[in-house]
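Let me begin by handing over the structure; questions about it come next.
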Amino acid sequence: MKLYNTLTRRKEDFVPLKPGIVGIYICGPTVYNHIHIGNARTFLSFDVIRRYFAWSGYAVTYVQNITDVDDKIINRASDENRTAAEVAAEYTEAFIAGMEALGIEAPSIRPKATEEIPAMIELISGLVEKGNAYEVDGDVYFAVRSYPDYGKLSGRDIDAMKSGARVEVDTRKRDPLDFALWKAAKPGEPSWTSPWGEGRPGWHIECSAMSARYLGNPFDIHAGGDDLAFPHHENEIAQSEACFDSAFANYWLHGGMLTIDHEKMSKSEGNFLLLKDVLEYVRPAALRLLMLQTHYRSPFDYSAERLDEATAALERIESAVRNMRWAVENYEGGEGVAANGAAADGAALASAETLRTQIATTREQFKTFMDDDFNAAGAVAGIYELVTAGNTCIAAGLRTAEQAAAVGEAVDTITELLSVLGVNLDTAGASEEALPAELVELAAQLTSYEGAGVSEALAALLEARQNARATKDWATADAVRDGLAALGITVEDTPTGPRIVRG
Ligand code: AMP
Ligand code: ZN
C-alpha cells in the first residue's frame, strides 16, 4: 500500500509500526456550530481510508478528538447566555448524529479535550522543564526557536515567516511565532487548576496529549484537512517531539478542501452549507458517491448539478442490482439448460464467462487503485464497469445456471466493494416490503382468486394480466395494470417475465 506523506512530499510504501496494526489520529471538530459539508468531506475521506485498512486486514485504532473548550465556544455561550459546556454538549451531539447520518463509522476512541486536561498539563510541564516552554503571567508559550525542525511539515522557513506581516506582535512572547500552550483564565470562562494558576489549554496541545495517550509516540498516521498543516500540525509536531524525544506521526495525510465556486467553504467566509441541511434532501450514499469522484487530496468543487448526477448514478447502480437479483431469483433452468428446456446457446455461456472475467478485473482494480494512495475514484470506475457487464448479462434473460451464478457473484461484488467505500445501496425489492392488503379485493374483482393471501392475490393478478395479453384482451390487461398502479405497483415487462416495481 502506498500513501502520499506530506512530511516527505512523496508517495511511500506504508510500513506500520506493528505488523497488521494501524493507529490513526484525526483532528476532530470544534463544537461551537453545526459542521458544514467541507468538514464532512474531510471526515468522509478518512472514513474511507480507515474502512479500506480494515478491509485489507489491518486492526485499526482510529482516534478522533472533540475540541470542547475554545474561544469560539466561549463566545457563542456568552452571546446566548448559557455555559460553554452546554454549547459544546449540543454541538457534540449534533456532530455525532451528522456522522452517523453520513454513514461514518464511530472512531475507536473519541476523547474530549475537557476530559483530558491532566494529560495536557503533564505535557506542558514537561516542555517547561526541558526549556521548550515558558510562563508569562499565567500563560504558557511554546518557544518555537527551541525546536530546530519547526516548519518541516509545511515546508516553511522560520526566518521567512518571521518577517511576514501576518504574524501578530505580542510583547509578552519571546518570539512572535511562539504559541500558547496554556491560557490564564479570564472571568467567567471555564478553567482548570494548573501549576500556572487557573486556566485552560490552547488548541494545539490537545492533539499532542490525546494522540500520545491513546496511540503512543510515535504512531502510524496523523490525518486532517490540509488547512490544518500550518500552524496546527506543525505545532503538534514541535510539542510532541520536543517533549517525548521521539518521532511523532510517521505518515501525515492531508485532505483537500471542499470549495464552492472554487472558494474554500468556511464558516468565516459565510459560503457554507451545513451537512444536516444537505442531508434533508440528499441521500447520504449519493453525497458519498459524489465526494469519492475526486481524489481525497485534491480540492473538490461542490455544485448542485454534480450532486444530481451522483444521485442519478447511484439510482442506476441500485436499479441494475435490483434487476440482477430479480433475474437470479427467478431463474428456473438447470445446469447448461435454458428455462424452457432447450440446450443453452453459445452466447449465453460466453456471457457468463465475460461477466466472471469482469468480476475478477473489478476486484483487482479496486485493490490496485485503493493501494495507490486511496484512489477511490478509480475504484468506483471499476465498479461501474461491473454494473454494465452485469446488465449486459441479464439483458437477454438468463438462460444458464452459469449465468445465474455469475450474476449473483457480480451483485455480491458490487455491494461488497461499495460498502468498503461506505456507500450502502438501497435495493429493497418489492418482495421485501409489505404488499398493500387492497390487493385481495382487487384480485377478487378482476380474477377468479377467492383467497385472502396478499402475495397470492398479486400473483393471480399478474397471471390474469399475462393471460389477457396473450389473448389480446387489452381491456382486462389495462384494468389490472391500472388497478395495481392505483396501489403504487407498476408492472414492467422484462425478457424474463413481468417484474413489479413499487414506488
Ligand atoms: P474545524 O472545525 O474548522 O477545525 O474543522 C474540522 C475539520 O474540517 C478539519 O480537519 C479541517 O481541516 C476540515 N475542514 C474545514 N474546512 C474544510 C473545507 N472547506 N473542506 C474540507 N475540509 C475542511
Ligand atoms: Zn489536531
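Only residues in segment 258-272 that are over 14 Å from Ser303 (Cβ atoms) count as the first member; pair them with residues that are within 16 Å of ligand 2 (Cβ to nearest atom), Cβ under 6 angstrom, at least 6 apart or cross-chain, and list the lot.
none
If you don't mind, there's one more thing I want to ask. Six or more apart or on different chains, Cβ atoms under 9 Å: show the pairs whose first residue is in segment 220-235 and farther than 16 Å from Thr8 by Cβ and whose second is hydroxyl-bearing (Ser, Thr, Tyr) and within 9 Å of ligand 2 (Cβ to nearest atom).
The qualifying pairs are Gly224/Tyr25; Asn235/Ser208.
Quick one: in segment 52-70, of everything that is within 16 Å of ligand 2 (Cβ to nearest atom) and not in a loop (DSSP other than H, G, I, E, B), which residue is farthest from Val15 (Cα to Cα)? It would help to see each step written out before you state the result.
In the first step, residues of segment 52-70 are kept if they are within 16 Å of ligand 2 (Cβ to nearest atom); the result is 62-70.
Imposing the further condition that a residue be not in a loop (DSSP other than H, G, I, E, B) reduces the set to 62-64, 66-67.
Details: Tyr62: 17, Val63: 19, Gln64: 22, Ile66: 28, Thr67: 30 Å.
Result: Thr67.
Can you name the residue in segment 1-35 that is away from ligand 2 (no atom under 16 Å from the Cβ) and open to solvent by less than 10 Å² (accessible area, probe 1.4 Å) and, of all such residues, is farthest from the chain's Cα centre (by Cα)?
Among residues in segment 1-35 that are away from ligand 2 (no atom under 16 Å from the Cβ) and open to solvent by less than 10 Å² (accessible area, probe 1.4 Å), the one farthest from the chain's Cα centre (by Cα) is Asn5.
Taking segment 268-283 as the search range and keeping residues that are part of a loop (DSSP other than H, G, I, E, B) and within 21 Å of the chain's Cα centre (by Cα), which one is farthest from Glu315 (Cα to Cα)?
Result: Phe272.
Between residues in segment 18-38 that are farther than 18 Å from Cys207 by Cα and near ligand 1 (Cβ under 8 Å from one of its atoms) and residues that are among the aromatic types (Phe, Trp, Tyr) and open to solvent by 10 Å² or more (accessible area, probe 1.4 Å), which pairs lie under 6 Å by C-beta distance while being six or more apart or on different chains?
His36/Phe272
From the set of residues in segment 136-151 that are closer than 14 Å to Asp170 by Cα and out of contact with any Lys or Arg (no Cβ under 8 Å at 6 or more places or on another chain), which is surrounded by the most Cβ atoms within 10 Å (Cβ to Cβ)? Outline the logic, then answer.
Initial filter on segment 136-151 (closer than 14 Å to Asp170 by Cα): 136-137, 139-143.
Adding the requirement that they be out of contact with any Lys or Arg (no Cβ under 8 Å at 6 or more places or on another chain) leaves 140, 142.
Values: Val140: 26, Phe142: 30.
Going through the qualifying residues, I end up with Phe142.
Further question: Being aliphatic (A, V, I, L, M) and away from ligand 1 (no atom under 14 Å from the Cβ) is the requirement here; does Ala54 meet it? Break it down stepwise before answering.
Values: aliphatic (A, V, I, L, M): yes; away from ligand 1 (no atom under 14 Å from the Cβ): yes.
When the stated conditions are applied, Ala54 passes them.
Tell me which residues, restricted to segment 214-231, are near ligand 2 (Cβ under 9 Å from one of its atoms) and in a helix (DSSP H, G or I). Reasoning before the result, please.
First, the residues of segment 214-231 that are near ligand 2 (Cβ under 9 Å from one of its atoms): 222, 224, 228.
Matches in segment 214-231: Leu228 only.
When you scan segment 99-121, do you find a residue that is surrounded by fewer than 21 Cβ atoms within 10 Å (Cβ to Cβ), more than 33 Å from the chain's Cα centre (by Cα) and closer than 24 Å to Ser240 by Cα, even just one?
The answer is no; no qualifying residue exists.
Right, something else. Of the residues in segment 79-90, how many are buried (at least 17 other Cβ atoms within 10 Å of the Cβ) and in contact with a Pro (Cβ under 8 Å, 6 or more places away or on another chain)?
Of the residues in that region, 1 qualify.
Oh, and also: Out of segment 189-213, which residues are within 13 Å of ligand 2 (Cβ to nearest atom) and either among the β-branched types (Val, Ile, Thr) or closer than 27 Å to Gly38 by Cα (or both)?
To start, the set of residues in segment 189-213 that are within 13 Å of ligand 2 (Cβ to nearest atom) comprises 201-212.
Selection gives Pro201, Gly202, Trp203, His204, Ile205, Glu206, Cys207, Ser208, Ala209, Met210, Ser211.
Look at Glu93 and say whether it is open to solvent by 20 Å² or more (accessible area, probe 1.4 Å), acidic (Asp, Glu) and part of a loop (DSSP other than H, G, I, E, B).
On the way: open to solvent by 20 Å² or more (accessible area, probe 1.4 Å): yes; acidic (Asp, Glu): yes; part of a loop (DSSP other than H, G, I, E, B): no.
So Glu93 does not fit the description; no.
Does Leu307 satisfy being closer than 22 Å to Tyr91 by Cα and either more than 9 Å from ligand 1 (Cβ to nearest atom) or among the polar types (S, T, N, Q) (or both)?
Spelling it out, it is not the case that Leu307 is closer than 22 Å to Tyr91 by Cα and either more than 9 Å from ligand 1 (Cβ to nearest atom) or among the polar types (S, T, N, Q) (or both).
Could you check how many residues of segment 410-449 are modelled with pLDDT of 95 or more, of a type outside the set (A, V, I, L, M, F, W, C) and surrounded by 15 or more Cβ atoms within 10 Å (Cβ to Cβ)?
Qualifying residue count for the region: 3.
It is to be established whether one or more residues within segment 78-85 are under 25 Å from Ala180 (Cα atoms) and either within 14 Å of ligand 1 (Cβ to nearest atom) or among the polar types (S, T, N, Q) (or both).
yes
Considering (1) under 20 Å from Asp139 (Cβ atoms); (2) within 16 Å of ligand 1 (Cβ to nearest atom); (3) open to solvent by 10 Å² or more (accessible area, probe 1.4 Å), say which one Asp227 fails and leave the rest.
(1)
Just to be sure before I move on: is Glu234 over 18 Å from Pro118 (Cα atoms), within 16 Å of ligand 1 (Cβ to nearest atom) and assigned to a helix (DSSP H, G or I) in the structure I sent? Give the steps one after another, and end with the answer.
Numbers: over 18 Å from Pro118 (Cα atoms): yes; within 16 Å of ligand 1 (Cβ to nearest atom): yes; assigned to a helix (DSSP H, G or I): yes.
Answer is yes for this residue.
Does segment 107-114 include one or more residues that are over 30 Å from Trp55 (Cβ atoms) and out of contact with any Asp or Glu (no Cβ under 6 Å at 6 or more places or on another chain)?
Taking segment 107-114 and keeping what is over 30 Å from Trp55 (Cβ atoms), we get 113-114.
From what is left, the residues that are out of contact with any Asp or Glu (no Cβ under 6 Å at 6 or more places or on another chain) are none.
Within segment 107-114 (the criterion being over 30 Å from Trp55 (Cβ atoms) and out of contact with any Asp or Glu (no Cβ under 6 Å at 6 or more places or on another chain)), the answer is no, since none of the residues qualifies.
Right, next: Where the second residue is at pLDDT 75 or above and of a type in the set (Lys, Arg) and the first is more than 26 Å from Ile394 (Cα to Cα) and surrounded by 11 or more Cβ atoms within 10 Å (Cβ to Cβ) and lies in segment 479-503, which pairs have Cβ atoms under 7 Å and are six or more apart or on separate chains?
Taking only residues 6 or more apart or on different chains, the pairs are Val480/Arg465.
Looking at segment 248-265, can you tell me whether even one residue there is within 16 Å of ligand 1 (Cβ to nearest atom), buried (at least 24 other Cβ atoms within 10 Å of the Cβ), farther than 23 Å from Val15 by Cα and under 23 Å from the mean Cα position of the chain (by Cα)?
Scanning segment 248-265 turns up at least one residue that is within 16 Å of ligand 1 (Cβ to nearest atom), buried (at least 24 other Cβ atoms within 10 Å of the Cβ), farther than 23 Å from Val15 by Cα and under 23 Å from the mean Cα position of the chain (by Cα).
The values are calculated or read from the model by the stated rules, or taken from the named source; none is laboratory data. All values derive from a computational prediction rather than experimental measurement. Neighbour counts are summed over all protein chains in view; Cβ atoms, including those assigned to glycine, are modelled from backbone coordinates with ideal geometry. These accessible areas exclude ligands, DNA and RNA; they are computed on the full protein's heavy atoms, side chains included. Shrake-Rupley method; radii C 1.70, N 1.55, O 1.52, S 1.80 Å.
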